[in-house]
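One structure is given here, and the rest of the page talks about it.
Every number here is computed from the coordinates shown, using simple stated rules; none is lab data. None of the values given here were measured: they were computed from a predicted structure. Cβ atoms come from the backbone with ideal geometry, glycine included; neighbour counts cover every protein chain shown.
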Amino acid sequence: MRLAPELVADLLTHHPRIARALRKNQLVDEGILREWLMNVGRRSAVEQLAHLFCELLLRLKVVGLADGTGYKLPLTQVDFADTTGITSVHVNRSLRELRQSGLIELEGGRLKILDYAGLRALAEFRANYLHLSDCAAA
């Protein structure tokens, strides 16, 4: 849906809470873009998947779709490959490495994070780019 420029200008001028929300949304979008550029350019396949799992945990937690240890993740290895830009064969090897390291379990369309601190360290994941509350990011 597109908003007319006049409507956006009116919202920004006369509705400061909406303006603040729009600015925060833009900051989050830009932060995610920067992190995914890092994923593609600098992180290994294992680190990319670890980063994805950490990001999804926090984002799903905020909206009540994840508990402290995991969430539903009904994606195939081809879906992971498309998301990360690596081959499905490499996804398979990387998931196996994450499992063997004792960091995750992925069964029946559910991801269980066994060692969040270890997964975060592997991914060099810092949640500040998501601009979540301290409670949600903890």
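The simple spin-label model puts a point 7 Å past each Cα toward its Cβ; for R126 and L33 those points are separated by 2.0 nm.
Could you give the distance between the Cα centres of region 78-96 and region 48-72, to the whole Å? Each part's Cα centre sits 18 Å from the other's.
Enumerate the aspartates and glutamates that K72 could reach by cross-link, defined here as Cα to Cα under 13 Å, with residues fewer than 8 away along the same chain left out. Straight-line reach from K72, under 13 Å: E105, E107.
3J(HN,Hα) couplings calculated from phi for region 93-103 with the Karplus curve 6.51 cos²θ - 1.76 cosθ + 1.60 (θ = phi - 60°) are, in sequence order, 5, 5, 4, 4, 5, 5, 5, 5, 7, x, 8 Hz; Gly and Pro show x. A Förster distance of 30 Å, applied to the separation of the beta-carbon atoms of K112 and R42, puts the FRET efficiency at 0.65. Shape class for region 67-114: oblate, because the ratio a/c of the largest to smallest gyration tensor axis (alpha-carbon atoms, square roots of eigenvalues) is 1.5 or more and b/c is at least a/b.
Close amide H partners of A66, meaning residues 5 or more places away or on another chain with modelled amide H under 5 Å apart, are K61.
Sequence-ordered 3J(HN,Hα) estimates for region 7-19 from the Karplus curve with 6.51, -1.76 and 1.60 and θ = phi - 60° stand at 5, 4, 4, 5, 4, 5, 7, 9, 9, x, 5, 5, 4 Hz, glycine and proline given as x. Determine the relative contact order of the chain: mean sequence separation of Cα pairs under 8 Å and six or more apart, normalised by residue count, in whole percent. Once normalised by length, the contact order is 28 percent.
About the centre of its Cα atoms, region 5-137 shows a dipole size close to 180 debye [charges on the beta carbon of Lys, Arg (+1) and Asp, Glu (-1) only; nearest 20 debye].
With all pairs of different alpha carbon atoms counted, what Kirkwood hydrodynamic radius in Å does the chain show?
16.5
Using θ = phi - 60° in the Karplus curve 6.51 cos²θ - 1.76 cosθ + 1.60, the 3J(HN,Hα) couplings for region 108-113 round to x, x, 10, 9, 10, 8 Hz; x is entered for Gly and Pro. Straight-distance candidates among the aspartates and glutamates for linking to K112, with alpha-carbon spacing under 20 Å and chain neighbours fewer than 8 residues away dropped: E47, E55, D67, D79, E97, E124.
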